[in-house]
Amino acid sequence: MAADQKMKLSEKEINPLASLDEWEDAVLERYPEPGVPAKDKDEYRNYDDPARNTVKEFYRLNHTFQTYSFVKEKKQEFLKFDKREMPVWDAFNFLNQLVDDSDPDTSLDQFQHLLQTSEAIRADGHPDWMVLTGLMHDMGKVLCLFGEPQWAVVGDTFPVGCGYSNKVVYPEFFKDNADYSDPRFNSQLGVYEKGCGLRNINMSWGHDEYVYQMMKDYLPEEGLYMLRYHSFYAWHREGEYSYLLDDHDRNMLKWVQLFNPYDLYSKVPTPPDWKQLRPYYEDLVAKYLPATIRF
């Protein structure tokens, strides 16, 4: 979307969700924790207007505007990493500005969610690079603080530049996407070749790709797949887009699937004790990451 188009978006088109957590709740409704009964709908966040289907509107906007050209423009704009540079701990404070007072269920900030994820990974004895992956996995949400609309930051991701799977959430909204009727993009393979590998695919733009690009020089390949594809549910939960995969993707799938439950199911109302945890995480960050990170 060109800059002049972005200026025409209304506030509801920029922020259709009352909170970014609303998208994650919707994911939990679709993929409840194995062995745990699914919540009744009235157990999820109530924003005093149950008729307001904000998640559905979110995906209408996401599927309408996430075109191949939009993704290319966003990569050009944000992957220069020329917006800001700061120490990791300042970056977490920056991310915490996304806490939304309208969220009725939790006062936990973004950093505390990341700590819960990383602590659950550590408790299960996984390697420290995976603990760090948990700590960093949502850092890309700072895109909202750079003026990006919610639907260009969160949401289930999907390939652009080729035909859409009907296993992507709300596939009916793709009919309003300019690529839907474009013969360059609407065949099964579109601009890609069979078996070309996900690394050669342009995914819908959001925090996954952004944080992957931010961390790609610092984490092992397994962690990078976790970052880059943790919202690609049509692949790692539904088994779609097999014709785009190569052997490397198939080998990495188990790592994405290993990570996903720690992201989805680690939220608890009690915040982690940062004072106790701080020495461990300061050492961990210093082991893998530079003194400052570019955004």
Per 0.36 nm of contour for each residue apart, how much would the distance between residue 221 and residue 76 grow if the chain were fully extended, relative to their Cα-Cα spacing?
49.9 nm
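Rounded, prolate or oblate, given the Cα gyration tensor of the chain, with a/c below 1.5 counting as rounded?
Because its axes are fairly even, with a/c under 1.5, the chain counts as rounded.
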Estimated [θ] at 222 nm from DSSP helical runs (n ≥ 4, -39500 (n - 2.57)) normalised by residues in the chain, nearest 500
-12500 deg cm²/dmol
Would you please state which residues of the stretch 130-172 a label at residue 187 would reach in this model, taking the label point 7 Å out along Cα→Cβ and a backbone N cut-off of under 16 Å?
161-164
Once you have a ≥ b ≥ c as the square roots of the Cα gyration tensor eigenvalues for the stretch 216-274, tell me rounded if a/c is under 1.5, and otherwise prolate or oblate according to whether a/b is larger than b/c.
oblate
Multiplying the sequence separation of residue 166 and residue 10 by 0.36 nm and subtracting their Cα-Cα distance, what value in nm do you get?
53.3 nm
What span do the alpha-carbon atoms of the stretch 111-259 cover on each of the three principal axes, reported in whole Å from largest to smallest?
48, 37, 26
Across 8/80; 167/216; 75/141; 8/74; 75/254, pairs whose alpha-carbon gap is larger than 20 Å
8/80; 167/216; 75/254
Residues with amide H under 5 Å of residue 230's amide H, sequence separation 5 or more or different chain, H placed in the peptide plane at 1.01 Å from N; which?
none
Putting +1 on Lys and Arg Cβ atoms and -1 on Asp and Glu Cβ atoms, find which of 239, 114, 181 reaches farthest to the positive end of the dipole of the chain.
181
Please work out how much length the chain gains when fully extended from residue 57 to residue 254, using 0.36 nm per residue of separation minus the C-alpha to C-alpha distance, in nm with one decimal.
67.7 nm
When only DSSP loop residues count, what trypsin sites (Lys or Arg not before Pro) in the stretch 203-293 have their Cβ near at most 15 other Cβ atoms within 10 Å?
216
Could you list which residues have their amide H under 5 Å from that of residue 163, counting only those 5 or more apart in sequence or on another chain, with H placed in the peptide plane?
187, 188, 189, 190
Where a ≥ b ≥ c are the square roots of the eigenvalues of the C-alpha gyration tensor, would you call the stretch 173-218 rounded, which needs a/c under 1.5, or, failing that, prolate if a/b is larger than b/c, or oblate?
oblate
Listed by chain and number, the residues whose amide H is under 5 Å from that of residue 203, excluding neighbours fewer than 5 places away on the same chain and using placed H, are 160
Could you tell me which helices of the chain pass both thresholds, a Cα extent of 24 Å or more along their own axis and a mean Kyte-Doolittle hydropathy of at least 0.0, with helices taken as whole DSSP H runs?
none
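Where a number appears in this text, it was derived from the coordinates with a stated rule and is not lab data. None of the values given here were measured: they were computed from a predicted structure. Don't worry about glycine lacking a Cβ; one is built from the backbone with ideal geometry, like all the others, and counts go over all protein chains shown.
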